[in-house]
Structures are given as structure tokens and as C-alpha cells.
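The block underneath contains the structure these notes are about, expressed in C-alpha cells.
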Amino acid sequence: MSSKKSSSYSLIIAKDASKEYHRGREVVIAVKNVSLEVKEGEFLAVVGPSGCGKTTLLNLLSGLDSPSNGKVILDGIDTTVIDERLFPKLRREKVGFVFQDFNLVQDMTAVENVMAPLLPTDMKTKDIESKALDMLRSVDLLERKDHRARELSGGEMQRVAIARAIINSPKVIFADEPTGNLDSKTGKDIMTLMKNLNEEKGTTVVLVTHNAEMSEFATRTIHMKDGKIEKGS
């Protein structure tokens, strides 16, 4: 299957986005005046050491958090001005998430975990289950569909998490250190899977990682330090 190239459309735009937190009287600026565009169909890696602001930036770009200053536009929607009650719908329809700790419900089966994002919708349960099985098939894990999450290996849990992330056909997947709890071989297998999603389905991927080796799967890499994108990225 031929790969799909990124388009000229900016799916994500950050304009002078900053995020600060208050710890007592101390003000911590986690992200400082970041301006960034992510094209539709791009695979972007954000690389930097622990504490540099990578995850905070991902949370801002995805709508999980709002900037203290500046703005973030996700697929034409300014997330800094929309009603907070619309965020769950926005995330459900446009984005998928893959986390370092998998974020699966341990006592639910693989297929039940994958079904979860669509259960608040009007789809019939049997149709959601059918789609979830298709997603597990796409990540080569159909044979483990009835195993509870706690019975799966780390790599298998991350495959379930990816299947869950793509069940709503998102425009963009946000992956926060998705290989951080995996051995190097399994981590590369997971990155290959995400690369295939990007190339074959045209899904935009925004990856944050401290592992420069994993960033080699991306089509573009930027580096962060002290809450800023380093020059030359």
C-alpha cells in the first residue's frame, strides 16, 4: 500500500502558547511562548529530557489542557475559546491518545477497552463491538480479545491502547512516551505500527519522547529545552 504524504493543511496551530502552574507562591512556566504548526498527515516527534515541557505541550496541542497565554487551534477550532463542555466531543471525534502507562481498565477485556470511546455515542453496542474487533485485528491482537488487560504483556497492552485510540478514526494520534515502559524490541514494534498508521491511513501523529532513537520513525523532529522549542528544530 502506498504511503500518504502530509498535506499543506495545518491541522494543529499553536501561537505563542504558554502554560504556567502555581505551586504556593512559586510560578512554574512549563511551556514558554511556543509557536508550532503540524500539517495533516505528518508524523511529528517532540524530543527532550524529562521536565522540558514535552507532555505539557502535548496536552495543550490535544485540548487536554488550555494554555495560560496564546492560543491553540485544532482542525480549525480555537480550543482556548470554545465551551469546556464541548471538549469531550471534540476529543472523541478528532483525536486519539496513547500513553506510557497504557491507561487501560485492568479488569476489562481487550475488546471492552477498545469499545470504551464509542460507548457514549448513539452507535449500537453490537456495532461498536464489531468495530472494536476490526481494530484489534488491525494491530494483530484479535486472538487476545477476551483476555483481561491485566493478563496481557506490556506490548500487548500498548497494542490495545492503539486500537482504542484509532476506533473513532481520529485525525490525529497524540502519543506520550508510548514506548517508555517497553523493552527496546517491543518499543520498535509499537513505533512501526504507529508509522504504518501514519503512512497507510494518513493519520497525523504527534509523539513526545526522551528517546531520540524512537524519533527516527517520525517525518519531522523538534527538540525542547526548558519549555521552549530549540532553534534549528
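The values are calculated or read from the model by the stated rules, or taken from the named source; none is laboratory data. Since this is a predicted model, take the numbers as computed values, not measurements. Cβ atoms come from the backbone with ideal geometry, glycine included; neighbour counts cover every protein chain shown.
Of the residues making up the stretch 150-162, those that are buried (at least 21 other Cβ atoms within 10 Å of the Cβ) and either among the basic types (Lys, Arg) or in contact with a Leu (Cβ under 7 Å, 6 or more places away or on another chain) (or both) are Met157, Gln158, Arg159, Val160, Ala161, Ile162.
Scanning the stretch 121-143 finds no residues that are of a type in the set (A, V, I, L, M, F, W, C) and touching a strand residue (DSSP E or B) at 6+ places or on another chain (Cβ under 9 Å). Filtered by the rule that a residue be among the small types (Gly, Ala, Ser), within 18 Å of the chain's Cα centre (by Cα) and over 24 Å from Pro120 (Cβ atoms), the stretch 137-168 gives Gly154, Gly155. The residue of the stretch 192-228 that is surrounded by the fewest Cβ atoms within 10 Å (Cβ to Cβ), among those that are in contact with a strand residue (DSSP E or B) (Cβ under 6 Å, 6 or more places away or on another chain) and of a type in the set (D, E, K, R), is Arg220. When Arg164 is tested against (1) assigned to a helix (DSSP H, G or I); (2) over 23 Å from Gly63 (Cβ atoms); (3) in contact with a strand residue (DSSP E or B) (Cβ under 9 Å, 6 or more places away or on another chain); (4) of a type in the set (D, E, K, R), only condition (2) is not met. Would you confirm whether or not the stretch 101-118 contains a residue that is in contact with a strand residue (DSSP E or B) (Cβ under 6 Å, 6 or more places away or on another chain), more than 19 Å from Val208 (Cα to Cα) and hydroxyl-bearing (Ser, Thr, Tyr)? Checked against the condition, which is being in contact with a strand residue (DSSP E or B) (Cβ under 6 Å, 6 or more places away or on another chain), more than 19 Å from Val208 (Cα to Cα) and hydroxyl-bearing (Ser, Thr, Tyr), the stretch 101-118 yields at least one hit. I'd like to check something: does the stretch 27-39 contain any residue that is farther than 13 Å from Lys228 by Cα and buried (at least 17 other Cβ atoms within 10 Å of the Cβ)? Within the stretch 27-39 (the criterion being farther than 13 Å from Lys228 by Cα and buried (at least 17 other Cβ atoms within 10 Å of the Cβ)), the answer is yes, since at least one residue qualifies. Within the option set Ala165, Ala175, being at pLDDT 95 or above, crowded, with 18+ Cβ neighbours inside 10 Å and in contact with a Pro (Cβ under 9 Å, 6 or more places away or on another chain) holds for one residue only, Ala165.
Of the residues making up the stretch 12-36, those that are in contact (Cβ under 8 Å) with a residue 12 or more places away in the chain and closer than 20 Å to Cys52 by Cβ number 15.
Results for (1) touching a helix residue (DSSP H, G or I) at 6+ places or on another chain (Cβ under 7 Å); (2) touching a residue at least 24 places away in the same chain (Cβ under 8 Å), shown as yes or no for each residue.
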{"residue": "Val111", "(1), (2)": "yes, yes"}
{"residue": "Pro117", "(1), (2)": "yes, yes"}
{"residue": "Ser130", "(1), (2)": "no, no"}
{"residue": "Val139", "(1), (2)": "yes, yes"}
{"residue": "Leu142", "(1), (2)": "yes, no"}
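Note on the stretch 181-231: residues that are part of a strand (DSSP E or B) and either polar (S, T, N, Q) or farther than 24 Å from Gly53 by Cα (or both) amount to 3.
Here Ala161 fits the description: among the small types (Gly, Ala, Ser) and touching a residue at least 40 places away in the same chain (Cβ under 8 Å).
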